[in-house]
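Asker: One structure, pasted below without further comment.
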Amino acid sequence: MIYNKGTGELKNWIIEEEIFDSGALGKCESIFCQGNGYLGLRAAAEEEYENTRRSLLVAGTFDKMPDDATELPNAADVTAMDIRINGEPLDLTKGECKNYSRTLNLKNGILKRSFLWTSEKGDEIQFEAWRVVSLKDLHLIASKIQITALNQDISLSVRSGIDGDRIPAPVHFSLQGKQENNGMLNLTAKTNESGVLFSLSSVQKAEIGGKQTEITARTQAESGMKIYTETAAAVAKGETFSLTKLSNVFTTRDKGADSLSQEELQARSLEHLQAVRERTFQSIAEESEKEWKERIWDTRDILIDSNREEDQLAIRFAIYHLTIMTPSHDNRMNIGAKGFSGPGYKGHSFWDTEIFMLPYFIFSSPKEARSLLEHRYNSLEAAQKNAAKNGYKGAMYPWESAWITDGEVTPEWALTGLMEHHITADVAFGVYSYYTVSGDLEFMERYGYKMIFETAKFWISRLEYNEELDRYEINHVIGPDEYKEDVNNNAYTNYMAHLNIMLAVQYAESLRTNKPYAFEAFDQDGSLSHILSEGRAKAEKIYLPRENADGLVPEDDTFLTLRDIADKDYSLSERIEESQKIAGQYGYFNVQISKQADVMVLFFLLEDLFSPEIKKKNFYYYEKRCFHDSSLSLSTHSILANDLGEKEQAYKLYTRASMIDLGPKMNSSNPGIHAASLGGIWQCTVFGFGGVRLYGDDLRIQPALPDNWSELKAPIYWKGQRLSLTISHQEFTVVNETAEEPVTILNNGKRYTFTDKLTLPC
Ligand code: BGC
């Protein structure tokens, strides 16, 4: 169980594990994960347990094992420490452990462990450990342990270094070299298929009560991918031994480093370590904390005054993880569905980015949003090849993406790679949202227009004409609801494809009128003329499912014809907790149950397609039959419930969403945190209760706070202006902090323009 443990200034900043449970290590390793967008380090304990999963993942370093999909390889470990007290290994499953605590401070990213341990032989020690992945220096990891001998003198030994043999299989590396250089260890290895070189260096410094006496350190390099230092010390009763370890990692995937030789990369890593080796843990931690403060919390923190304190914690937990999982330093990289916190989904990116995480960046950090979209632009050629391979035109984005040139990387056993086509329209939707919110025309001219035109060309070629009904259909797809495979006319897919083509038509027309030279440049191969003629004509005839006689919008051609199980009336808890079991009993494909929000995502993204009455009717219908068997689901349902005035239900769905990683389920986060659901928590807060929404071309603000909340404060960016919102139940105020341009917002159907500040009733 994870507790919200900060007090005073640290209230709602600290998550804590209060009891050591060797059977539930995975959850804390994932949710206490540290990182900085360049690398992610799972929060494994120093000492080893049967279920420990050590993992250091570096953004973009994909490699492929034979007969498997490409994945982020586990780099050599720098966290493990074999600690022996009078020869006995530190092991909390033996002896006695008291006052155990492991905390993650979301404010500065520092992981801390402390406990009192009595070995089976009766030696008593106080153990403390701190670890930080610098947010300032993206290559740097610092850790420190402190051991105090409590009841007698002890002889202590700590073995630690760089270990490529300890990491979980599969091993993607072949060793290129290892060495000790003036006390610094270095290990260089290469990924087997992609040939990416990794060079890791590490240095340790031990002290007893500030002195470096009575300590010996020997470097050992046994066979295998491993090099370590063994530190031995005699620690008198009452004295404290401390060991600081600084490590780094560099790879040839780093920007501009792809042509470095093994020696050059090694030198880069060693020189970097040499430059920092005299620094204390404290100074590195403080520098990183300053970066967290200035870059993240001073600009993006959201304040929630709620009588349920976990709400404040949850949004900070989301922002913390969204920060460490996002490789915005490099536009050749994207966010993995589990960030860098575990092996789940192999580090691949999905529609999770555009529909669930990107909105947070668009409204809180537009530069990072742009970098994520530039990644899609950099993958455009691979998407074009993917389209051609499948017999289509334009660009067809892969359902699962890894390296920019890889194309489709969905494991072959999954049908999603062949059929979950809505991703292409989702990317286009991301471009439209970013452009409309930021006003970044330069982005459109360099990247965005082309992405919209190429994705539209894909859909134009993808449409199938149904002669009998004189309409275009999109058949043989998987929609967001992955319980239903190979369906025809998934409503979400059809509407999003239609939007994608119509955006292309709109942008092409605007270029023709306003920038004829740009129009001509794009139209050299006839692309735009094709979109404006054939594209527009076909789009007019795309089958866009409307509500049936019962007012229901069919998820696809068959969903509403399947056996209905509504008479069972499963509670929300049953649906969430027992989803697999119940769905398995019925057979996922055979009955009207959905894995996750599907038609509801459509209602959320394209609000005006259906009347509020129809939306409400459908919300109740689909919510009852939705098993929220994907962490992407609850947040969308919460936002819709709030929009429809169902405040209590919205809050209930939101609290469930906010507890996906933080809640009591001990195993569901083992393969990694649920990245999209963290984006979803931000969306529930800002888009849902805060009522902030991109609505057509407008910024609409229509808040409706839950009863538990008395105030919400959130910053957002709109057309380059930074706005700060303060929302209560009675009114809301928008302050234009940039105050350079007038801002127009839409509220209750009316437009208000202001330069400095606006207050309106809720
Ligand atoms: C969901 C997808 C999602 C993927 C990665 C699946 O279980 O059904 O919608 O993109 O997980 O998070």
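Asker: Stretched out fully, how many nm does the piece from residue 469 to residue 571 gain, at 0.36 nm a residue minus the Cα gap?
Answerer: 32.7 nm
Asker: At 1.4 Å probe size, what's the solvent-accessible area of residue 528? Round to the nearest 10 Å².
Answerer: 0 Å²
Asker: Restricting things to Cα coordinates, could you compute the convex hull volume per residue of the range 433-509 in Å³?
Answerer: With only Cα atoms used, the range 433-509 gives 107 Å³ per residue.
Asker: Something else about it: Setting aside same-chain residues fewer than 8 positions from residue 457, which aspartates and glutamates have a Cα under 12 Å from its Cα?
Answerer: Cross-link targets: 534.
Asker: For the range 379-545, just the Cα atoms, rotate onto the principal axes and tell me the three extents in Å, largest first.
Answerer: Between the extreme Cα coordinates on each principal axis of the range 379-545 lie 45, 42, 30 Å.
Asker: Here's a follow-up. Please report, in debye to the nearest 20, how large the charge dipole of the range 379-545 is about its Cα centre when each Lys and Arg carries +1 at its beta carbon and each Asp and Glu carries -1 there.
Answerer: So the dipole magnitude of the range 379-545 works out to roughly 480 debye.
Asker: Can you list residues from other chains, or at least 5 along the same chain, whose modelled amide H is less than 5 Å from the amide H of residue 695?
Answerer: 700
Asker: Evaluate the charge dipole of the chain about its Cα centre and quote only its size in Debye, nearest 20, assuming +1 on the Cβ of each Lys and Arg and -1 on the Cβ of each Asp and Glu.
Answerer: The calculated dipole for the chain is roughly 1040 debye.
Asker: Could I ask something else about it? Based on alpha-carbon centroids, what's the gap between the range 114-133 and the range 568-608 in Å, whole number please?
Answerer: That distance is 46 Å.
Asker: Assign unit charges at the C-beta atoms only (+1 for Lys and Arg, -1 for Asp and Glu), then state the dipole size of the range 2-280 relative to its Cα centre in Debye, rounded to the nearest 20. Spell out each step's value before the answer.
Answerer: On the way: 33 positive and 40 negative charges, 153 e Å.
Roughly 740 debye for the range 2-280.
Asker: Return the tail of the calculated pair distribution for the range 41-100, meaning the percent of Cα-Cα pairs more than 12 Å apart. Spell out each step's value before the answer.
Answerer: Working: 1316 of 1770 pairs.
Of all Cα-Cα pairs in the range 41-100, 74 percent lie more than 12 Å apart.
Asker: On a C-alpha basis, how far is the centre of the range 684-759 from the centre of the range 308-352 in Å? Whole number, if you could?
Answerer: About 25 Å separates the Cα centre of the range 684-759 from the one of the range 308-352.
Asker: Evaluate the distance, in nm, between pseudo-label points positioned 7 Å from the Cα of residue 169 and of residue 181 along their respective Cα→Cβ axes.
Answerer: My value for the distance between the label points is 3.4 nm.
Asker: Calculate what fraction, in whole %, of the accessible area of the chain sits on carbon and sulfur atoms when a 1.4 Å probe is rolled over the protein chains.
Answerer: Carbon and sulfur: 46 percent of the exposed surface of the chain.
Asker: Here is a further query. Go through 476, 498 and list them by solvent-accessible area, largest first, probe radius 1.4 Å.
Answerer: So, going from the largest accessible area down, we get 476, 498.
Asker: Further question on the same structure: Accessible area per residue for the range 379-545 in Å², computed with a 1.4 Å probe and the full protein assembly in place, what is it?
Answerer: I get 39 Å² per residue for this part.
Asker: With only alpha-carbon atoms in the gyration tensor, what are the semi-axes of the equivalent ellipsoid for the chain, in Å, largest first? Walk me through the numbers before you get to the answer.
Answerer: Values: eigenvalues 439, 168, 129 Å².
Semi-axes (√(5λ), whole Å): 47, 29, 25.
Asker: Which order, highest average first, do 628-638, 541-551, 319-329 follow once you tally other Cβ atoms within 10 Å for each residue and take the mean per peptide? Present the calculation step by step, with values, prior to reporting the outcome.
Answerer: On the way: 628-638: 27.1, 541-551: 14.0, 319-329: 23.7.
Result, highest mean first: 628-638, 319-329, 541-551.
Asker: Oh, and also: What number in nm² do you get for the range 1-127 if you take the convex hull of its Cα atoms and divide its surface by four? List each step's numbers first, then the result.
Answerer: On the way: hull surface 38.5 nm².
For the Cα atoms of the range 1-127, the hull's average projected area reads 9.6 nm².
Asker: What FRET efficiency comes out for residue 236 versus residue 708 if R0 is 60 angstrom and r is the Cβ-Cβ distance? Round to the nearest 0.05. Intermediate results must be reported in sequence, preceding the final value.
Answerer: Values: r = 54 Å, r/R0 = 0.90.
Result of the calculation: an efficiency of 0.65.
Asker: For the range 506-563, what is the Kirkwood hydrodynamic radius in Å, using each pair of distinct C-alpha atoms? Mind dumping the intermediate values first?
Answerer: Details: mean 1/r = 0.0705 Å⁻¹.
It works out to 14.2 Å.
Asker: What percent of all Cα-Cα pairs in the range 192-301 falls into each 5 Å bin, going from 0 up to the bin containing the maximum distance?
Answerer: 2, 10, 14, 15, 16, 15, 12, 9, 5, 2, 0
Asker: Okay, next question. Let me know the Rg and Dmax you get for the range 547-627 when you use only its Cα atoms, in Å.
Answerer: Here Rg and the maximum Cα pair distance are 12.7, 37 Å.
Asker: Kindly flag which residue pairs out of 27/568; 581/665; 346/616; 64/255 have an alpha-carbon separation exceeding 26 Å in this structure.
Answerer: 27/568; 346/616
Asker: Follow-up question, since we're still on this one. Radius of gyration and Dmax for the range 279-385's Cα atoms, expressed in Å?
Answerer: Final numbers for Rg and Dmax: 15.9, 53 Å.
Asker: Sorted from largest to smallest, which semi-axis lengths in Å does the alpha carbon gyration tensor of the range 2-280 give for its equivalent ellipsoid, taking the root of 5 times each eigenvalue? Spell out each step's value before the answer.
Answerer: On the way: eigenvalues 188, 98, 63 Å².
They are 31, 22, 18 Å, listed from largest to smallest.
Asker: Whole percent per 5 Å bin, from 0 to the bin with the longest distance: what is P(r) over all C-alpha pairs of the range 347-427?
Answerer: All Cα pairs, binned at 5 Å, distribute as 3, 16, 26, 26, 16, 8, 4, 1 percent.
Asker: Still on this structure, I have one more. Under the Kirkwood approximation applied to all pairs of distinct alpha-carbon atoms, what is the hydrodynamic radius of the range 54-180 in Å?
Answerer: 17.1 Å
Asker: Anything over 30 Å Cα to Cα? Flag those among 450/484; 647/757; 190/338; 652/757, in the order listed. Can you show the working numbers first?
Answerer: Details: 450/484 32 Å; 647/757 28 Å; 190/338 24 Å; 652/757 33 Å.
Table pairs above 30 Å Cα-Cα are 450/484; 652/757.
The values are calculated or read from the model by the stated rules, or taken from the named source; none is laboratory data. This one's a predicted model, so the numbers in the text were calculated from it and none came from an experiment. Positions of Cβ are generated from backbone atoms using ideal geometry, with glycine treated the same way; all protein chains shown enter the neighbour counts. We work out accessible area using only protein heavy atoms, side chains counted, and drop any ligands, DNA or RNA first. Shrake-Rupley method; radii C 1.70, N 1.55, O 1.52, S 1.80 Å.
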